[in-house]
Amino acid sequence: MNDLPQVATAAPSDIAQLMARAHALAGMPLGWLASHAGWITPANLSRHKGWSGQLIELYLGASAGSKPQQDFPELGVELKTIPVTPEGKPLETTFVCVTPLTGLNGVRWEDSNVRNKLRQVLWIPIDGRREVAPADRVIGTPFLWRPNAVEDQLLRQDWEEITEMIILGQVQAITARHGQVLQLRPKAANSKVLTEAIGPNGARIQTLPRGYYLKTNFTAALLQQALQRSS
DNA sequence: TCGTGATCATAC
DNA sequence: GTATGATCACGA
């Protein structure tokens, strides 16, 4: 029923084509896709953390590179691979975006980077068990997600709470335990990297860059919903 | 065992 | 340093 996957030569023209490409990847091991594309599969991902995501981009026709927008801007779709167990439970949190730590006064949830990134996400589950070699990790069933009212409200609450703390100069007091479904954590090459933020006394300070991540309890619920819809 | 804080590769 | 793509790894 599915054609064999092919490396994309152009961006998908519509969502149906994007989903067809994504469905063609289901059941395929990463090693097959890599060799079919002329890529080498690393023995482990410790020094190749973004490898799986980039391989999927290649097959779906996402414009690779470091552009600060969605993977498929014409379609309004963001691509996310997510490492899972065979039961469909996520093994990692999901990075959303880095947040500015200054200039947030007056920014509303509706205009936030987080909401814009998460308006429409194509999730590609991939077996992420560390005991399985990357070459043998099989791609799962993709699904397109748009936050429903409840999900949007959960995200909004967390974003507003965290943003308020940043504005009030409390960024250094924020830990990954804040938020129900969204968390703020370091996002940098290492712990020495600095960016501008607001300090406790309102003065500008230098601190570690932070990014938003979706907690695994939240993505686990999305994956379970998708499983039920497909069964 | 697991989640938080830290880290890795690469383009510009 | 900031952006993209994420997973690692150790302390609780």
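Every number in this text was worked out from the coordinates using simple rules, so none of it is lab data. Fair warning: this is a prediction, and the values are worked out from it, not measured in the lab. No Cβ is skipped: glycine too gets one built from the backbone with ideal geometry, and neighbour counts run over all protein chains shown.
Some observations on this one:
- One residue stands out in the range A:35-61 among those that are more than 6 Å from DNA strand C (Cβ to nearest atom) and within 17 Å of A:VAL132 (Cα to Cα): the one that is nearest to the chain's Cα centre (by Cα), namely A:TRP51.
- Residue count for the range A:166-214, restricted to those that are within 11 Å of DNA strand B (Cβ to nearest atom), among the basic types (Lys, Arg) and over 18 Å from the mean Cα position of the chain (by Cα): 2
- The one condition in (1) closer than 23 Å to A:LEU155 by Cα; (2) surrounded by 13 or more Cβ atoms within 10 Å (Cβ to Cβ) that A:LEU168 fails to fulfil: (2)
- In the set A:PRO83, A:PRO142, A:PRO90, A:PRO68, only one residue is more than 16 Å from DNA strand B (Cβ to nearest atom) and either closer than 22 Å to A:GLN225 by Cβ or surrounded by fewer than 19 Cβ atoms within 10 Å (Cβ to Cβ) (or both); that residue is A:PRO142.
- If you go through the range A:36-61 and pick out every residue that is outside any helix (DSSP H, G or I), of a type in the set (Gly, Ala, Ser), touching a residue at least 40 places away in the same chain (Cβ under 8 Å) and within 14 Å of DNA strand B (Cβ to nearest atom), you end up with 1.
- Qualifying residue in the range A:179-191 (condition: in contact with a helix residue (DSSP H, G or I) (Cβ under 7 Å, 6 or more places away or on another chain) and at positive phi): yes
Conditions (1) surrounded by fewer than 21 Cβ atoms within 10 Å (Cβ to Cβ); (2) away from DNA strand B (no atom under 16 Å from the Cβ), marked per residue:
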residue	(1), (2)
A:VAL96	no, no
A:LEU104	yes, yes
A:ARG108	yes, yes
A:ASN113	yes, yes
A:GLN120	yes, yes
A:TRP123	no, yes
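- Members of the range A:76-100 found to be within 17 Å of A:LEU223 (Cβ to Cβ) and more than 10 Å from DNA strand C (Cβ to nearest atom), listed by number: A:THR85, A:PRO86, A:GLU87, A:GLY88, A:LYS89
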